[in-house]
Amino acid sequence: MKLTRVSLAVALVAAGALVLSGCAAGGGSEIQQGTTLTAVENSPFTSANGNTADGNTTYNNNINYMTSSSWNYYDNTPKLVKNTKFGTYTVVSKSPLTIKYTIADGVKWSDGAPVDASDMMLAWAANISKYNDPKGVNFTSAAAGGGLDLVTAVPKISDNNKSITLVYSKDFVDWETAFAVGMPAHIVYEEAFPKVTDNAKASTALVKAIQSDDTATLTKLAKVWGSGFNMTSTPSDKKLLVSNGPYTISKLVKDQYITLVANKDYNWGPLPKLSKITVRFIQDPTAQVQALQNGEVSVISGQATADTVAALKGLSGVTTTTTATSTYEHIDLTFNNGGPFDPKTYGGDADKAKMVREAFLKTIPRQDIVDKLIKPISDTAKLDNSQTFLPGAAGYDESVAQNGSADYAKVDIAGAKALLAQAGVTSPSVRFMYGKSNTRRASEFALIQASATQAGFNVIDAGDDTWGQKLGDGTYDAVLFAWQFTSLAVTGTQSQIQTAGGNNFNGYSNKDADDAFKTLTGEYDASKQQALLARVDKDLWSDAYGVTLFQFPEVTAWSDKVKNVSDNPLSPSVFWNFFDWTSTSKK
């Protein structure tokens, strides 16, 4: 599975933006003129490129999902649905694995430039480790270190610039969801080289830079791709808003809302019905319910509390559902920041650092968190005891039986104190980061802080509403967030666990886990896949990497003024079929 971060969680993406497209598309617009709908997200939009290490959040990618197009998407079964109106991909050869991608005629960016091979070439280059080197060309892709690293030769362009062919150096089990068109190549080049204003020339120059390994040019392109599309309000440079999907961004107001309007030329995927969709940013779940009750918003979904659920039950004209999602809450410890969990703090003594990590994890009241904060929302909620499997998934029970998570099933203050004494560490300070304004997260932190204090830890409140942008910056020692799976790819956790992976924010490195993932990339047998993931799972718990807490129960509610709203266990959750939404509201 692939992952994306959420403000109660976050997760890993494939190469390219989260995919959108549909099973049915037609030649004409289905827009119901003047219709509008307002939905809610827990956190603000910050980047039109959700594939960067900083931009890879659920809240960015839900929006980007509605403004982008690609080869396929997941319905809420979940089943992978191909969108041949956008383009096709064909297995040319199985040995070596060779895939040809072709963009359909007429598919274009909202500025009129065609979507073509230059965009696909950029998507490949931006997401391979070769060009995600902190000491060289660095696109800062969240997918770096994934399956596209197996495409070691520069892809070949054909069919009048409509196709490219990827040749994998070895078999790759998740190839079908590993590659997607991301950012517009011509815009990236023009932003890096402002004197170039001709779209075709810009696209040609970008392809030439990749083909010739022009590191000077690629360095400038990487800077634009990695941070140039970050935004918290409507940019004055409208080129940054160019999209190839059903909607385009028309307005972004910092910390308040984002408005999308229908792309009048779009007909290469499922056709949307609404003229305009506005997404408001409301972190407080109680305020979300009030906005729904007052008619200010029509759809809310996400991080509910027991009070939220109770309040929703009292509303008339509102439908509410609770869905077990592919999102899981967890705590990661930082291995490389000179803090209490870093071997360098103890002169390179890895065993001492590990004992301190183990001690801290023994204080985390995992069951208390589930009982007090999650069961009031879903009475079937239980602890998540795996780092690589979701509860209920094939292989989960077998992995949990041997992965070592049982050592952290209950709070063990005495055991934590003994480990600190054995390590010779007194009153270690732990800077603990979480989403400050997130009600549920704040409650989780309070329970953790109170428990860890009993063992002698000084837990410092490092709560921050910009936590997603701070991941990996070394300013915290422990962090509470979540990962959300965006696909059923079995290598989905690789980027967060593998040494120097694009989503590896805590400096974790384990050769056995790296080797297991290398084997997993070419393994098609389900039982062997599960065994390899179980091996990684055991490595993580043995190294005191962190702890998992619970699988998210997502509460979604919508007004009877809107139709066709439904949840999806995978990201982008409730937004997955935005193209089916209808509303009686007009503005």
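Taking just the C-alpha trace of region 41-228, give me its Rg and Dmax in Å.
In order Rg, Dmax, the Cα atoms of region 41-228 give 15.9, 48 Å.
Summing +1 for each Lys or Arg and -1 for each Asp or Glu, what net charge is found among the other residues whose Cβ lies under 13 Å from the Cβ of VAL565?
Within the 13 Å Cβ shell, the charges total -1.
Treating only the Cβ atoms of Lys and Arg (+1) and Asp and Glu (-1) as charged, compute the dipole magnitude of region 41-228 about its Cα centre; round to the nearest 20 debye.
The dipole of region 41-228 has a size of about 320 debye.
How compact and how long is region 355-478, expressed as Rg and Dmax of its alpha-carbon atoms in Å?
Spelled out, the Cα radius of gyration and Dmax of region 355-478 are 15.5, 42 Å.
May I ask you to sort ASP174, ASP464, ASP133 by Cβ crowding, counting other Cβ atoms within 10 Å and putting the fewest first?
ASP133, ASP464, ASP174
Can you find, among ALA462, VAL40, SER509, the residue sitting farthest towards the positive end of the charge dipole of the chain, where Lys and Arg contribute +1 and Asp and Glu -1 at Cβ?
VAL40
To the nearest 20 debye, what charge dipole does region 305-429 have about its Cα centre, counting +1 at the Cβ of each Lys and Arg and -1 at the Cβ of each Asp and Glu?
Here the size comes out at about 240 debye.
Charges only on Cβ, +1 for Lys and Arg, -1 for Asp and Glu: so what's the dipole of the chain about the Cα centre, in debye to the nearest 20?
1020
Quick one: of the DSSP bridges fully inside the chain, what percent are antiparallel, nearest 5?
Of all bridge pairs located within the chain, approximately 80 percent are antiparallel.
How much FRET efficiency would the formula 1/(1 + (r/R0)^6) give for SER169 and LEU80, where r is the Cβ-Cβ distance and R0 is 22 Å, rounded to 0.05?
Between SER169 and LEU80 the formula returns 0.35.
Restricting to Cα pairs below 8 Å that are 6+ residues apart, what does the relative contact order work out to for the chain? Please round to a whole percent.
23
Could you work out the local net charge near ALA291, counting Lys and Arg as +1, Asp and Glu as -1, over the other residues with Cβ closer than 13 Å to its Cβ?
-2
Over region 486-587, what portion of Cα pair distances is larger than 18 Å, expressed as a whole percent?
61
Over region 306-420, calculate the relative contact order: mean separation of alpha carbon pairs under 8 Å at least 6 apart, over the residue count, as a percent.
Over region 306-420, the number comes to 25 percent.
Using the per-residue mean of other Cβ atoms lying within 10 Å as a proxy for protection, in what order, highest first, do the peptides 217-223, 403-409 fall?
217-223, 403-409
What ³J(HN,Hα) values, in whole Hz, does the Karplus curve 6.51 cos²θ - 1.76 cosθ + 1.60 give for region 502-510 when θ = phi - 60°, with x put for Gly and Pro?
x, 10, 7, 8, 10, x, 6, 8, 9
Indicate the gyration tensor shape class of the chain (rounded, prolate or oblate), computed on the Cα atoms with a ≥ b ≥ c the square roots of the eigenvalues: a/c under 1.5 is rounded; otherwise a/b larger than b/c is prolate and the rest oblate.
oblate
With each run of n ≥ 4 DSSP H residues scored as -39500 (n - 2.57), what mean residue ellipticity at 222 nm is computed for the chain after dividing by its residue count and rounding to the nearest 500 deg cm²/dmol?
Only helices count here, giving -7500 deg cm²/dmol.
If you add up the charges near SER233, with Lys and Arg at +1 and Asp and Glu at -1, over every other residue whose beta carbon is less than 10 angstrom from its beta carbon, what do you get?
Taking every Cβ under 10 Å from that of SER233, the sum is +1.
If I model a spin label as a point 7 Å beyond the Cα along the Cα-Cβ vector, how far apart are those points for ALA421 and GLN454 in nm?
Output for this residue pair reads 1.7 nm.
Take the cross-link list LYS82/LYS528; LYS362/LYS410; LYS85/LYS586; LYS195/LYS238; LYS372/LYS410 and give me the ones stretching past 18 Å between alpha-carbons.
In this structure, LYS82/LYS528; LYS85/LYS586 lie more than 18 Å apart at Cα.
What percent does the relative contact order of region 41-228 come to when contacts are Cα pairs within less than 8 Å and at least six residues apart?
Dividing the mean separation by the residue count of region 41-228 yields 21 percent.
We did not get these values from a lab; they are worked out from the coordinates using the rules stated. Please read these numbers as outputs of a predicted model, since none were measured by experiment. As a convention, Cβ positions derive from the backbone with ideal geometry for all residues, glycine included, and neighbour counts pool all protein chains shown.
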